[in-house]
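Written below as structure tokens is the structure these notes are about.
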Amino acid sequence: MSQFFTEAVLIATVASGIRLAVPLLLASLGETYGQRSGVLNLGVDGIMLLGAFGGYYAVLETGNVWLGLLVGIGIGILLGLATALISVTLRAEQGISGIGVYLFGLGMSDLLFQRLVGTPTPISKFPKLDIPGLSDIPWLGEMLFQHSIIVYVAFGLVPFSMFVINRTVFGMKIRSVGENPEAADSLGVSVAKVRYATVTIGGMLAGVAGAALAIDLGIFQQNLTNAQGFIAIALVYFGAWRPLGVMAGALLYGFVNALVLQFKTLGIIPQSWSDIAAMAPAVITILALVVVARRFRQPAALTKPFTRGA
């Protein structure tokens, strides 16, 4: 255990925890928009998987990581629109339709990978972006300011999302539609348009999360996300539908995951316990979710389809 408490290992663990939190943070921020408007999307993991494969394949073919990220965005937008069509226009049961989107993403990403690639092939990763002055600070510089740009974008989206949801007209519409769509409709707010917008934003960020995960790892394989999309949904509840709380949950999961990986690398966790240890991040996140989420009320119209005049 003593080998863990060294400067190099501690710095590496914290830096790794921040990176591991990024896909979860992106996906859960996107899901926050949708749930605040009343739509639960259980298909997040499927969107992440297709975004991951699309981003990976684009980089594999072109070597351009930014094109890979754009492909992930495009896939996320398309699947977000499809989810909105199913949940908002067709008013399908959101839980069942979401699982359908997840299964589609899981199966299609694996099929495309087997057909177009076959075996895991490494690709280029995001370049690190050292922030002048800050990256040279002892300890803090290596932990916080020597990451790729996607890490800074993800955490920058937290205050941006707080501003959008709490301080803008669009955010006011999101909150009103999620709490009382009938009242919002009577005031001239288009419930369908708001929900389409938020679910599409959620899909886009899930696609970005998947692409960022694949490019950051530099590889793609079957079920790459390992159910991170479902953890992202849980983190929205953990964060009480607030961006800052969502970020705290993503960091908790990321740090626990990094800690477990570091313990396995150092041999602190016996090999026979590795499967049990791999469950630790999800278990701890769920326990924290049970404790925290009970104190807050979910949006009143969450999962409830809206029919004008009904």
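See the values below:
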item	result
Enumeration of residues in region 94-122 that are assigned to a helix (DSSP H, G or I), over 17 Å from the mean Cα position of the chain (by Cα) and in contact (Cβ under 8 Å) with a residue 12 or more places away in the chain	GLN94, GLY95, SER97, GLY100, LEU103, PHE104, MET108, SER109, ASP110, LEU112, PHE113, LEU116
Test for ARG91: is it among the basic types (Lys, Arg) and in a helix (DSSP H, G or I)	no
Failed condition for GLN94, given (1) surrounded by 14 or more Cβ atoms within 10 Å (Cβ to Cβ); (2) farther than 21 Å from GLU31 by Cβ; (3) of a type in the set (S, T, N, Q)	(2)
Every residue from region 156-183 that is crowded, with 24+ Cβ neighbours inside 10 Å and either over 18 Å from GLY80 (Cβ atoms) or polar (S, T, N, Q) (or both)	PRO181
Sole exception among (1) modelled with pLDDT under 95; (2) of a type in the set (S, T, N, Q); (3) not in a helix (DSSP H, G or I) for THR13, by number	(3)
Region 127-155, subset surrounded by 18 or more Cβ atoms within 10 Å (Cβ to Cβ) and of a type in the set (Gly, Ala, Ser), residue farthest from LEU25 (Cα to Cα)	SER148
Subset of region 150-170 [in contact with a Lys or Arg (Cβ under 9 Å, 6 or more places away or on another chain) and either among the acidic types (Asp, Glu) or free of Cβ contacts under 8 Å to residues at least 40 places away in the same chain (or both)]	ASN166
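For (1) closer than 13 Å to ALA27 by Cβ; (2) crowded, with 24+ Cβ neighbours inside 10 Å, each residue gets a yes or a no:
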| residue | (1), (2) |
| --- | --- |
| GLY203 | yes, yes |
| GLY207 | yes, yes |
| GLY210 | yes, yes |
| ILE215 | no, yes |
| THR225 | yes, yes |
| ALA234 | yes, no |
| TYR237 | no, no |
| MET247 | yes, yes |
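The values are calculated or read from the model by the stated rules, or taken from the named source; none is laboratory data. As the structure is a computational prediction, the values presented were derived from the model and not from experiment. With ideal geometry, Cβ positions are generated from the backbone for all residues, glycine too; neighbour counts draw on all protein chains shown.
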